Structures are given as C-alpha cells and as structure tokens.
Amino acid sequence: MTVLVTGGSGFVGLNVLEALLTGGETVISCDLGPVPGPALETFGSLSGTLHEETLDVRDRAAVLALLARFRPSKVVHAAAISPAAEAELEAAGNIVAVNIGGTVNILDAAYSAGADRIVILSSAAVYGRAGFRFPILTEETPAEPTSIYGISKFAAEQIALRYRDLGCDLAALRLGSIFGPWEHVTSVRGTISPMWQILEFAKQGRPIRLPRPGRRDWIYGRDVGAAVVATLDFPGRVPALVNIGAGSQWSVADFCSQMSEVGVALDWAIDPAEANIDYHGPRDRAPLSTVALREFLDFSPRFDIRSAIVDYLAWAEAKCRQVPRQDQA
Ligand SMILES: NC(=O)c1ccc[n+]([C@@H]2O[C@H](COP(=O)([O-])OP(=O)(O)OC[C@H]3O[C@@H](n4cnc5c(N)ncnc54)[C@H](O)[C@@H]3O)[C@@H](O)[C@H]2O)c1
C-alpha cells in the first residue's frame, strides 16, 4: 500500500514511518521540514520505500495537488503544533490554522484523492479537566479541553469524525504521553518528554531533580507507531475513536531508578524546590482506558518500562546520544 504521512519529520511521524517501512510499505512523508539525517540513514536499510515532500498543511491548494498527484491508499495525519503553555497565546492563531485548518485540508484532499482509510492523530489533551476528575479516561469520558492545543485537537478530531459519519473510512486516535526513539526538539513542540530531558541531562552529567514522581501511563514511541499501523491494516470498518495508552502506569522516578539499575550513571532525586525536569503541568492526568484498543482494534502495547528503557538506550547510543554508564562515571 502507499501511505501518505503528514508530520513525518516529527517525533511520532518518524515512529510511524519506521513501522511502515519495516513492513515494506511505500511511504510519502510530508512535512515543513526534512526527515532528520539519522532517521534517513536508518530507514534506508528497511524494506519499504520512502519519498519525501515538503508541504505546509495550511496551504490548501498545495495539499489538494499533492494528494491528487500521489493518490495514496491510506493517509496518516500527524502534522500539528503543540506549544508549551507559556507560548500558547502567542501561537493561538497558528495552532488553529495548522491543527484545525490543516486537518480540514487533509481530510478534503484525502477524500477527493480516494484514500481508502484516514487516520487522524488526536491527543489525550482533549480530556483536559476531565483527566483530573475521573479515575480512568474512556472514549466516552466527556472531553473538557483547557489548552488551545487541546481545544484545537478536539475540534479537529470531531470534524474528522463528521467526515466519517458522511462516509469516510476514518479513525481518530487519542495518543497518550509518549517517549522514545526519534524524539527531538522542534520549533513547533514545547512539550518534550521528561525521559528525553533525563537522557540529555545524563549525557551532560547534570543532576536530575524531579518535581514529583510523575506517575502516568507513559507509552513507548514504537508502540504508538505499531498502533497506527494496526489501525491502517485493520480489516473492515475501524472503530471511530480509540485511546492509545500503555494500559499500565509507572512514574518518571521509576524510569530514573530503572535506568540506574541497567547501569546508567544518574544523579537523581525528587526535589520539588530544585526541580529541573519539566512535566509540562502541575498534575498527572488519569490513565487512558485501553479496552477499545485491545478489544476493538486487537492491539496491545509490546514494551514495558524495562524493555522500553533497554531499547531506548540502544537507540540513543546508536544515534550518538552517548549516555554515561556507571562504570565510566
Ligand atoms: N508527542 C506526544 O506525546 C503526543 C501526545 C499526544 C498526541 N500527539 C499528536 O501526535 C502528532 C505528532 O506530534 P509529535 O509529538 O510528533 O510532534 P512534533 O512536533 O515532533 O511533530 C510534528 C510535525 O508536524 C510538522 N508540522 C507542523 N506544522 C506543519 C505544517 N503547517 N505543515 C506541515 N507539517 C507541519 C512539524 O514540522 C513536525 O515535524 C500530533 O498530531 C500531536 O498532536 C503527540
């Protein structure tokens, strides 16, 4: 199959590209910026074929022309901007233009080009306040987004679901809190994961001070890539709305402790007064229910905390993000 992926140069997009290319698919990656060099190098050895196109999803004419040219059988829409709270007001117009306007452009173009399936990446941010009022978040939990980002993702996913009502084969996936391979700092995302920050601090030999344990249903990037592919491959009509979470919880403190156990030299502590790791919010939301993911999409995440850490460290070391081991510290 030929799959067009928007936001293919971003963190999640790269995990989706890798999963698709590993499965031998032809992938057209569209983004404002290029696929990073180390990813291109890794993807070159995979069995699929990658084409890259520069695209601004706000440019309706360009989006329509590109999809008409490639006529992909499937489309994954990952392009979005997700600023940190401090940058939200300044970016409000652009958040709406990219996250809502860009989604409408992709939906129209995918529909006109005859795509068989469209997968829209939404976010647990749509739960907003509900994330602190309910013990678990199911797809039926009321969405109460608070940030402009969360509001824009909710609007985009709901517009997409209307296209589904009108006949598109489409699913919206609400992604939880992600960490793992291919995460990198971009100008459009202000919410870099604590795990990325910890690896960076470890590399620089800096002490790590956590604001709180940070218990959440953290999900590994490779599992997100695999869940997107499972949605694309799902036989028959896909479920409309599916949470993509790990189905289990652990804390950032557990992450630090297990990193030390596998031999990484970390000076870490929970120290709210001296915290230097940003969790991008003062509280941890409730976990996502994964019942729909398991029962309707027949998918279970593969990585637990330990196997994710081992894989993440191997990836980081291969990509020259050298993390000091205890015997070298
Ligand atoms: N990372 C997470 O923890 C997380 C959690 C929930 C949902 N999501 C969703 O996953 C998707 C991907 O997020 P990410 O974490 O990879 O972010 P990212 O910032 O790493 O990647 C987003 C990509 O979109 C591209 N982009 C931005 N504006 C564009 C435009 N106008 N035209 C074309 N491309 C544009 C960027 O260049 C970037 O490569 C988004 O829809 C996001 O809402 C991510």
Legend entry - Scope segment 265-295; condition part of a strand (DSSP E or B) and either over 26 Å from the mean Cα position of the chain (by Cα) or loosely packed, with under 15 Cβ neighbours inside 10 Å (or both); matching residues: TRP268, ALA269, ILE270
Inset, instruction - Quick one: which helices (runs of 4 or more DSSP H) lie wholly within segment 148-250 and hold at least 2 residues that are touching a strand residue (DSSP E or B) at 6+ places or on another chain (Cβ under 9 Å), away from the ligand (no atom under 11 Å from the Cβ) and without any contact (Cβ under 8 Å) to a residue 40 or more places away in the chain? - result: 148-165
Legend entry - Every residue from segment 69-94 that is more than 19 Å from THR26 (Cα to Cα), of a type in the set (A, V, I, L, M, F, W, C) and more than 10 Å from the ligand (Cβ to nearest atom): ALA84, ALA85, ALA87, LEU89, ALA91, ALA92
Inset, instruction - Look at segment 251-295 and say how many of its residues are modelled with pLDDT under 95, out of contact with any strand residue (DSSP E or B) (no Cβ under 7 Å at 6 or more places or on another chain) and of a type in the set (A, V, I, L, M, F, W, C). - result: 1
Inset, instruction - Examine segment 115-129 for a residue that is of a type in the set (Gly, Ala, Ser), in a loop (DSSP other than H, G, I, E, B), crowded, with 23+ Cβ neighbours inside 10 Å and more than 17 Å from the chain's Cα centre (by Cα), and state whether such a residue exists. - result: yes
Inset, instruction - Please tell me if THR26 is surrounded by fewer than 24 Cβ atoms within 10 Å (Cβ to Cβ), farther than 20 Å from ALA172 by Cα, hydroxyl-bearing (Ser, Thr, Tyr) and more than 10 Å from the ligand (Cβ to nearest atom). - result: yes
Inset, instruction - Read through the list (1) modelled with pLDDT of 95 or more; (2) within 12 Å of the ligand (Cβ to nearest atom), then give the number of the only condition that ALA130 fails. - result: (2)
Legend entry - One residue from VAL63, VAL35, VAL16 being assigned by TED's automatic domain parsing to the domain that holds ASN99, assigned to a helix (DSSP H, G or I) and farther than 19 Å from LEU175 by Cβ: VAL63
Inset, instruction - Output the residues belonging to segment 72-102 that are in contact with a strand residue (DSSP E or B) (Cβ under 6 Å, 6 or more places away or on another chain), closer than 21 Å to THR191 by Cα and not in a strand (DSSP E or B). - result: ALA78, ALA79
Inset, instruction - For LEU137, work out the one condition from (1) within 25 Å of THR290 (Cβ to Cβ); (2) surrounded by fewer than 24 Cβ atoms within 10 Å (Cβ to Cβ); (3) within 15 Å of the ligand (Cβ to nearest atom); (4) not small (Gly, Ala, Ser) it doesn't fulfil. - result: (2)
Inset, instruction - Identify, by number, the condition in (1) crowded, with 23+ Cβ neighbours inside 10 Å; (2) in the same structural domain as GLY13 (by TED's automatic domain parsing); (3) not aromatic (Phe, Trp, Tyr) that CYS168 doesn't meet. - result: (1)
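The values are calculated or read from the model by the stated rules, or taken from the named source; none is laboratory data. None of the values given here were measured: they were computed from a predicted structure. Because the Cβ atoms are built from the backbone with ideal geometry, glycine has one as well, and the counts that use them run over all protein chains shown.
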